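Please read the structure below before turning to the comments.
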Amino acid sequence: MMSSKPEILVYPTVEEAQAATARQIADLLAPSSRALVVLSGGAAPPGVFHQLGQPPLRNLVPWHALSILWADERLVPFHDRENNYFQTRKTLLDHVPIPSEQVFPVATYYPVEEAARVYQNQVEALLERHAGQIDLALLGMGPDGHTASLFPGFPQLEASPETLVAPVTDAPKPPPTRVTLTAHALNRARRVIFLVAGADKAPMVRQVLQGAYDPQRLPAQLVRPPVGRVTWMLDAAAARELA
């Protein structure tokens, strides 16, 4: 059983889901004096980032108070379009006054095992500064049920509790080499927002939200913070198989 029932919000279009997600993020962060935020790559977040980087939402967020991490990263150079940090920088970070020393991309210039160790140390240090909690994690989900780079049946799903970051060398979608936060890290979040869009996700949305608990097959089910709140922001296409 999941620790608490997630909130499910459905919007007619992906654009409306993105707009609502951006508004939720801005409203959540607006009163913060300090916040640790986890962001994700993928097709849907850039629409959210674009809105957060423009007025009026840009003016609501205390950018100087944020520290930014990534849920996962492809081990490609910072200038590569497949790099999640590059995508976020182009669509959000270059447009807001966040201090560069408060942005923590994965060091993709290291071999994957070393990159994961370095990121583990960074995540541990940031959690220590933030009372052991992530304030917000924005996640997505693939048609196979993966989130971050936690793929069905992969050993990262059974990481030890002290393992917050794990290397991935054989991801089933390119590029295969990645670094990912584990479920133990993501479950430090006091607020998780899943943004999921598209008809190809509909069968998996139904299974993850309404099916039996089977996290080895449905890794997104692992994200169930014991003291956090989970919200699923869906477009109508992704939600169409929900009862």
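Tabulated results
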item: Amide hydrogen neighbours beyond the local backbone of Ala189, cut-off 5 Å, H modeled; result: Ile134
item: Value at 222 nm in deg cm²/dmol, rounded to 500, when DSSP H runs of n ≥ 4 in the chain each add -39,500 (n - 2.57); result: -8000 deg cm²/dmol
item: Accessible area per residue, Å², the chain with all protein chains present, probe 1.4 Å; result: 43 Å²
item: Share, in percent, of DSSP beta bridges within segment 150-233 that are antiparallel, nearest 5; result: 45 percent
item: Whichever lysines have a C-alpha closer than 17 Å to that of Lys201, once near sequence neighbours (fewer than 8 apart) are set aside; result: Lys173
item: Apportionment of accessible area to carbon and sulfur, the chain, percent (1.4 Å); result: 53 percent
item: Fraction of antiparallel bridges per DSSP, the chain only, in percent to nearest 5; result: 25 percent
item: Proximal lysines to Lys90, defined as alpha-carbon separation beneath 21 angstrom and excluding residues fewer than eight positions away on the same chain; result: none
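The values are calculated or read from the model by the stated rules, or taken from the named source; none is laboratory data. Computed from a predicted model, the values in this text were never measured in an experiment. Note: areas computed on protein heavy atoms with side chains; ligands, DNA, RNA excluded. Shrake-Rupley method; radii C 1.70, N 1.55, O 1.52, S 1.80 Å.
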